[in-house]
């Protein structure tokens, strides 16, 4: 009589282990992740605007049609990266992802407190090799350390009304993502 509940408990436990390991393995096994999809349409260390999503086609899943979106695929092998993005009138955000789609940093226009979001992206090793400048404070220069050499930067500008989408796209058109040579 006690065997049936033990078998059921064992089956549930085994099913839970298989389910959990499958969910944890999916990001590594996926071949059509965001980085792979964008590799076909965007060069490395350059900002590219994505087309607006529609019912039949979207570059990335779950894209919000109220946002203009631009991406920068980065590679820090040759040196650090300088990102500059003007803010839109409504709302602008910048999110950083590793090659495996793990978000590790985000900033928006309210946190930047300026007319543009400007920052340096580098690996911890590149950051350690930077010469210390006494007259530059953390408020003057925002430095983000990337846990990986390759990844994605996603820039979003809100268009609160459909007629303001052109304004949001113009704001993202001024964004730059360029490689900086290592310090000498």
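Each value in this text was obtained by applying a stated rule to the coordinates, not by laboratory testing. This one's a predicted model, so the numbers in the text were calculated from it and none came from an experiment. Neighbour counts are summed over all protein chains in view; Cβ atoms, including those assigned to glycine, are modelled from backbone coordinates with ideal geometry.
Structure above, values below:
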quantity: Spin-label pair residue 166/residue 56, simplified geometry with 7 Å Cα→Cβ offset, distance in nm; calculated: 2.5
quantity: For the chain, convex hull of alpha carbons as volume per residue, Å³; calculated: 189
quantity: Residue 37-residue 12 pseudo-label distance in nm [points 7 Å out on the Cα-to-Cβ vector]; calculated: 3.7
quantity: Most mobile listed residue (32, 126, 56) in the chain, GNM with C-alpha springs under 10 Å; calculated: 56
quantity: Gain on full stretching of the segment that runs from residue 46 to residue 114 - 0.36 nm per residue minus C-alpha separation; calculated: 22.2 nm
quantity: GNM result for the chain, Cα springs below 10 Å: residue of 54, 100, 108 fluctuating most strongly; calculated: 54
quantity: Residue 148-residue 78 pseudo-label distance in nm [points 7 Å out on the Cα-to-Cβ vector]; calculated: 2.1
quantity: Three-way shape call for segment 62-168 based on the alpha-carbon gyration tensor, with the a/c threshold at 1.5; calculated: oblate
